Amino acid sequence: MAWACAALSSIGFAWGGDEPPFELVEAAPGFFVHVGRHEETSRANLGDIANIGFVVGERCVAVIDTGGSLAVGQALAAAVRRRTDRPVCYVINTHMHPDHVFGNAAFAGGGTRFVGAASLPEALAARAGHYEARLADALGDAAAGSRVVTPDLLVDDRLRLDLGGRTLVLQRWPTAHTNNDLTVFDEASGTLWLGDLLFEERIPSVDGSIKGWIEVDARLRELPVSRVVPGHGRIAPPWPATLDAQSRYLGRVVTRVREAIAAGKTLGETVDAADPADAKGWALADAYHRRNLTAAYAELEWE
Ligand SMILES: [Zn+2]
């Protein structure tokens with residue numbers, strides 16, 4: 001479905017200090033998205049590098065991902081309060097990565113339920129110490145208060161959340177970007193929040209299974225949706241062309257690594273032979289293309 005940018009309404013407000021305004025876009029009626037930057041987490045961006053947002057029902061609000069620090073979560077909480085006085089009944093985490101979960105603490109302490117894939121608590125427990133140490137390195141004092149909040153409402157396969165006159169359908173997927181990927185479908189608007197199952201502009205990063213991700217891509221392609229929200233990239237990018245671009249990149253990595261393994265190349269030789277052309281056009285390719293080759297090699301050498 002074509003999407004008219006003119007229909008988007010944009011709200012900006014300063015979220016304190018010297019930080020840039022916290023922009024919010026109403027992607028569909030009552031469905032708000034804040035678009036993260038294509039950068040690594042830093043003191044300057046406070047981990048505001050992933051797409052985060054919220055959906056407003058007649059009874060309450062569901063937040064989807066919370067950003068890479070308490071500060072980003074607080075900015076999102078303030079944005080919710082500016083739009084509605086209804087309570088936040090759910091915080092949904094699409095997966096474990098720090099740029100999507102470290103703002104959770106801004107919503108803790110009330111009656112809010114934290115929702116994630118059934119495999120998310122274990123994955124977070126295994127990584128929490130590492131994630132917190134890395135955030136402290138990147139943000140210094142500004143990391144204070146950012147912490148992992150473990151989900152208490154888990155999704156085995158599918159879960160419907162009633163926000164009052166508006167239902168979100170959460171779907172857990174086989175291991176792809178991670179082993180705890182969850183999507184959120186807003187029935188009212190036909191909008192599918194894909195989290196990091198879809199990257200646009202920013203290079204995809206493999207932290208689960210590259211073969212699994214390609215298979216999930218093929219299933220996502222068949223879904224009847226009006227628009228999608230990627231974990232990184234523009235709101236409502238061309239669909240399924242954006243998904244196809246991601247699949248092509250992942251497929252190219254698989255092909256390169258299979259050829260290298262067949263030729264008897266080691267992991268190091270395979271990564272050193274990385275062809276920049278394979279990742280051409282993706283933001284942050286320098287930081288992630290070689291890592292993707294590494295992850296793919298570890299997975300594919302046992303085929
Ligand atoms: Zn991710």
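Coordinate-derived values only; no laboratory data. Everything numeric here is computed off the predicted structure, so don't read it as measured data. Here the Cβ is made from the backbone with ideal geometry for all residues, glycine too, and neighbour counts use every protein chain on show.
A few points about this structure:
- Calculated mean residue ellipticity at 222 nm for the chain: -10000 deg cm²/dmol, from DSSP H runs with n ≥ 4 weighted as -39500 (n - 2.57), summed, divided by the residue count and rounded to 500.
- Per-residue Cβ neighbour counts within 10 Å put I235, I261 in the sequence I261, I235, beginning with the fewest.
- 0 to 90° range, to nearest 10: angle between helix 70-83 axis and the chain longest Cα axis: 50 degrees
- Summing charges over all other residues whose Cβ lies under 13 Å from the Cβ of D207, with Lys and Arg as +1 and Asp and Glu as -1, gives -2.
- Positive minus negative residues near T66 (Lys, Arg vs Asp, Glu; Cβ under 12 Å): -2
- Of L243, L120, L161, the one that fluctuates the most in a GNM where the chain has Cα springs shorter than 10 Å: L161
- An oblate overall shape is assigned to the stretch 120-275, the ratio a/c of its alpha-carbon gyration tensor axes (a ≥ b ≥ c) being 1.5 or greater and a/b not exceeding b/c.
- For the pair A133 and E303, the difference between a 0.36 nm per residue extended length and the Cα-Cα distance amounts to 57.7 nm.
- Here is the size of the chain from its Cα atoms: Rg then Dmax, 18.8, 62 Å.
- Total formal charge among the other residues, if their Cβ is under 9 angstrom from that of L24, Lys/Arg +1 and Asp/Glu -1: 0
- Amide H contacts for A50 (H built 1.01 Å from N in the peptide plane; partners 5 or more residues away or on another chain; cut-off under 5 Å): G36, R37, G68.
- Under Karplus coefficients 6.51, -1.76 and 1.60, residue-wise ³J(HN,Hα) of the stretch 236-243 in Hz, glycine/proline x: 6, x, x, 10, x, 4, 5, 5
- Part-to-part distance (alpha-carbon centres) for the stretch 253-303 and the stretch 51-86, which is given in Å: 38 Å
- Each of S189, S69 was scored by other Cβ atoms within 10 Å of its Cβ. Listed from fewest to most, they are S189, S69.
- Across the stretch 253-303, Cα-Cα pairs more than 17 Å apart make up 26 percent of the total.
- For A117, residues with placed amide H under 5 Å, excluding near neighbours: V155
- Positive-end residue, the chain charge dipole about Cα centroid, Cβ charges, pick of F54, A296, L194: F54
- Magnitude of the charge dipole, the chain, Cβ model with Lys/Arg +1 and Asp/Glu -1, debye to 20: 520 debye
- Overall, the ratio between the Cα radius of gyration of the stretch 193-303 and 2.2 N^0.38 Å, rounded to two decimals, is 1.07.
- For the stretch 22-124, a crude dipole built from +1 on the beta carbon of Lys and Arg and -1 on the beta carbon of Asp and Glu, taken about the Cα centre, is about 360 debye to the nearest 20.
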